[in-house]
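**Q** Got a structure for you, written out below as structure tokens; questions coming shortly.
Each value in this text was obtained by applying a stated rule to the coordinates, not by laboratory testing. Worth saying up front: this structure is predicted, and the values here are computed from it rather than measured. A quick note on method: Cβ atoms are made from the backbone with ideal geometry, for glycine too, and the neighbour counts reach across all protein chains shown.
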Amino acid sequence: MNLHNESRPPEWVVRPERSNRLMMRMMTWISLHLGRRIARSILPLIAGYFLCFAPASRRASRDYLTRVLQRPVTWPDLYRHFLTFAATVHDRVYLVNRRFDLFDFDVYGEDKLLEMMAGGKGLFLLGAHLGSFEVIRALGRKNPDLRVAMLMHERNALKINSMLAAINPEATQDIIGLGHVDSMLQVHARLDRGEVVGMLADRTLNDDVLHPVPLLGEIASLPEGPFRMAALLQCPVWFMVGLYQGGNRYAIHFEPLADFSTVDRSQRDQAVLAALARYSALLDHYCRAAPYNWFNFYDFWRRPS
């Protein structure tokens, strides 16, 4: 059964942001001028603030952690969840500035990914609000020719471009906003050049078709749009997640998701649903493997009305 989310915008769209540009610029200055160690000393205060003064996010955290931990959730669990989120957001400053020397990356599945791209054809890389997608930039250490463009909703594209401009003005050039007349043309051109187009596929706007899938023991609604776009472009799709493991350590995982380049049009719908099912299964797996890396701080399992 497919669902249409047409009655109201999703909660993640309408909820006001607690952060602001001035705070981001302050954190950026502290991070780049005083160093990661000193800047990280502020993170417990930030996590404690959100834990105390963001009740809706706290409720969402408790709901999610109860599902994934399968036990009563404690205040230390909630604090660890917020602190993990704060740490990954903070690390973006260094990842955007290509300070990969500050981190220890364990990468799984990279060889197979690059082998698929060896023929010069690009691919779709689908992630989620799980861990850090920015760690994909770390691949550039060994593969300087690898280009990754992020495809995102226009609202997010404006926010992220503003944030990146405060950190590194050169970092804004590889973000494609959805909703433009030439968005698909830009994506198609990049894929033809053998580049990677990344997208977070676990959130939707109100005009997307939702499909019910099992996730952490209950039914969640995930958007079909990213998968239908990949099917229309007839490109391979891989799953990517960069899990924060504490300190300066990240584990980056690449998993094959679907290959629409060989799918006949008559089989496209079936292939899209199969890719969605595998995507939700991978989300379930990696949520359980790294439970505090989930960063959807709203009622993710709420059914569209």
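**Q** Short version: ³J(HN,Hα) in whole Hz for each residue of the range 226-242, in order, from phi by Karplus 6.51 cos²θ - 1.76 cosθ + 1.60 (θ = phi - 60°), x for Gly and Pro, what are they?
**A** Result, ordered by residue: x, 6, 5, 5, 5, 5, 5, 7, 6, 10, x, 10, 10, 8, 9, 9, x Hz.
**Q** Please go through the range 223-276 and write out the trypsin sites (Lys or Arg not before Pro) that DSSP classes as loop and that have at most 14 other C-beta atoms within 10 Å.
**A** none
**Q** Check which residues have an amide H placed less than 5 Å from GLY127's amide H, if you skip close sequence neighbours.
**A** Long-range HN contacts for GLY127: MET199, LEU200, ALA201, MET240.
**Q** I've got another one for you. Can you order the peptides 113-125, 87-99 by their average number of other Cβ atoms within 10 Å per residue, highest first?
**A** Highest to lowest by the protection proxy: 87-99, 113-125.
**Q** Right, next: If packing is taken as the average count of other Cβ atoms within 10 Å, what order do 273-281, 126-134, 43-51 fall into, highest mean first?
**A** 126-134, 273-281, 43-51
**Q** Of the peptides 59-65, 197-203, how do they stack up when ordered by the mean number of other Cβ atoms within 10 Å, highest first?
**A** Descending packing order for the listed peptides: 197-203, 59-65.
**Q** Hey, can you grab everything whose amide H is under 5 Å from the amide H of ALA220? Only 5+ residues off in sequence or another chain; H modelled, so Pro and N-termini drop out.
**A** VAL213, LEU215
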